[in-house]
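Encoded as C-alpha cells, the structure appears first; notes follow it.
The values are calculated or read from the model by the stated rules, or taken from the named source; none is laboratory data. The structure displayed is predicted, hence computed values, not measured ones. Reconstructed Cβ throughout: ideal geometry from the backbone, glycine too, with neighbour counts over all protein chains shown. Just the protein is used for accessible areas: all its heavy atoms, side chains included, with ligands, DNA and RNA removed. Shrake-Rupley method; radii C 1.70, N 1.55, O 1.52, S 1.80 Å.
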Amino acid sequence: VITNNQLIIMRQLLLTFFLLVVPQSFAFVAPPASSSAYAASSAYKRAPALALSGDISLVDQLTDPLLLQHMATGGALAFAGDVIAQSLLSESEEKSIPPKDWDFIRTKAFVIFGALYTGGAQYFIFNFLHNAFDQPLPRLAMAQFFFIPFCYYPTFLLMNPALRAGWEHGFGSEDAKVRQVELFSDIASQIPTTLLRNWCFWLPVQYVQFNFIPAELNVTFTAAFGVIWNAILSWSTAAGKPVAAEKEA
C-alpha cells in the first residue's frame, strides 16, 4: 500500500524530472524519421571523441564548454537523484526531501562521481560510440555490455568508497582505510544484482537514446533518467538493505 507521504515523494520526483528534461527537449530539432540518415549528419557527430593527437589539443578538449556543461548537469542530477533515493529509503517518521536523516557525505560522493563520470567520461564515451558505429544497436551493445560492467562499475567501486571514507574519517587515516574496505565490500557484493537491474532499465532507455537523441544531448538524457533509476532501485530494495551502486549507466 502506498502511503500519502510516498505519493508526495513520487509527485516531487516526477516534477523534478520534468523540470530537468522538458526545457532540454526544446533545445534541439527532432531528428529525421530515418535514424541512419540523422546519424550521418554533421550535427550528430560534431563533438569528437577524446584524442591525444590531432588539430584539437587535449587542453582544449577538456575545457570545451559543452563538456563543462555536461559535467555540471551530471553533478546536479546526481545530487537530485541521491537526495530523492535517500528520501524514499529514509527511516524517519516524517518524510521529506531531503530526509531528516540525510547522509550528506554519500550525496557529495555521488555528485563528484556524477560530474566526473556521468557528465565527463560519458561525454567522450558517447562521442566515441557515435563516431565508431553508424547503427544504434552496436552502440547500445558496447555501452551496456562493455562500458557499464568494465568501466562504469569499477570506477564507481574505487571512487565512491574512497571519497566517503576520506570525508568521514580524514583521507589517509587508519579509520578511513577500514571504512573504505567496508564500503568496498558492501558495494561489490551488490554489483551483480544491480547490474541485472541496470540492464532491465537502461537497455530500453538507451535504445531510445541512440536512435532518437542528438549526440550533444546524450549525457543530459542519461543523467536525467538516472534520477528515476535511483528512485526505482531504492524503492525496489526498500524492504532490504539499500543498494549502494545505484547510479546509472
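Based on the Cα coordinates of the range 111-164, what is the per residue volume of their convex hull in Å³?
Taking only Cα atoms, the range 111-164 has a hull volume of 61 Å³ per residue.
As a test question: what accessible area, to the nearest 10 Å², does Asp101 have when a 1.4 Å probe is rolled over all protein chains in place?
It works out to around 80 Å².
By accessible area of protein heavy atoms, probe 1.4 Å, what ranking do Phe133, Phe184 get, highest first?
Phe184, Phe133
Just reorder Cys200, Cys151 by solvent-accessible area, largest first, 1.4 Å probe, all chains present.
Cys200, Cys151
In sequence order, what are the phi-derived ³J(HN,Hα) couplings for the range 105-111 according to the Karplus relation 6.51 cos²θ - 1.76 cosθ + 1.60 with θ = phi - 60°, rounded to whole Hz, with x for glycine and proline?
Result, ordered by residue: 5, 4, 4, 4, 5, 5, 5 Hz.
Once phi is turned into ³J(HN,Hα) by the Karplus curve 6.51 cos²θ - 1.76 cosθ + 1.60 with θ = phi - 60°, what whole-Hz value does each residue of the range 215-223 show in order, with x for glycine and proline?
4, 5, 10, 4, 5, 4, 4, 5, 5
Which residues in the range 109-142 place their backbone N less than 12 Å from a point set 7 Å from the Cα of Thr63 along the Cα-to-Cβ direction?
Taking a point 7 Å out along Cα→Cβ of Thr63, no residue of the range 109-142 has its backbone N under 12 Å.
Pop out the ³J(HN,Hα) list for the range 65-70 in order, Karplus 6.51 cos²θ - 1.76 cosθ + 1.60 with θ = phi - 60°, rounded to Hz; leave Gly and Pro as x.
x, 5, 5, 5, 5, 5
Quick check: with the 1.4 Å probe, what order do Leu129, Leu88 take by accessible area, largest first?
Of Leu129, Leu88, the descending order of accessible area is Leu88, Leu129.
Non-local amide H neighbours of Asp103 (under 5 Å, H modeled in plane, Pro and chain starts lacking H): which ones?
Excluding prolines and chain starts, which carry no amide H, there are no hits.
If you count only protein heavy atoms and use a 1.4 Å probe, how large is the accessible surface of Met159, to the nearest 10 Å²?
Approximately 50 Å² for this residue.
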